[in-house]
Ligand code: FES
């Protein structure tokens, strides 16, 4: 059963790339966001973690971007400035720590640097009446 979903924007470019530059279908497949999704899909994700692609998370200026969420009882996080060439190991470690938590609140020191420094937003669990 899927407990945690990681949603990766596959249309993201890295910060600094021209967002308006046209690209062909082949180039689109090679966008950094698509490469990030592929790298995660080719890795050993913890049990209960599902990956899915999305076209734009409205965090384009902070690409690559992804969301990690885990049902109604966990916090949801939006991360940006992710690099498919250098951050995959840290992202996998962060996903594993998140999946092992009951509420998505991983202790600060247990979070990989990418998750400590590149969080754009966090959204409280739906079922928490007071946060
Ligand atoms: S293109 Fe990735 S967040 Fe918009």
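Below are the figures for this structure:
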item	result
20 Å reach of a label modelled at residue 73, 7 Å along Cα-to-Cβ, counting backbone N of the stretch 108-131	123-131
Highest-fluctuation residue, 81, 42, 103 considered, GNM on the chain with Cα pairs under 10 Å	42
Hull shadow area, averaged, the stretch 40-112 [alpha-carbon convex hull, nm²]	5.2
Ranked 131, 106, criterion: other C-beta atoms within 10 Å, fewest first	131, 106
Acute angle (nearest 10 degrees) that the helix 88-100 long axis makes with the longest principal axis of the chain, alpha-carbon atoms	30
19 Å cut-off, amide nitrogen to a point 7 angstrom out along residue 3 Cα→Cβ, residues in the stretch 39-69	44-52, 68-69
Rounded to 10°, Cα long-axis angle of helix 32-41 versus longest principal axis of the chain	50
Using distinct alpha-carbon pairs, which all enter the 1/r mean, Kirkwood radius of the chain in Å	14.9
Label-to-label distance, nm, for residues given as residue 127 and residue 85 (7 Å Cα→Cβ offset)	4.3
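Coordinate-derived values only; no laboratory data. Model, not experiment: these values are computed from the prediction. Because the Cβ atoms are built from the backbone with ideal geometry, glycine has one as well, and the counts that use them run over all protein chains shown.
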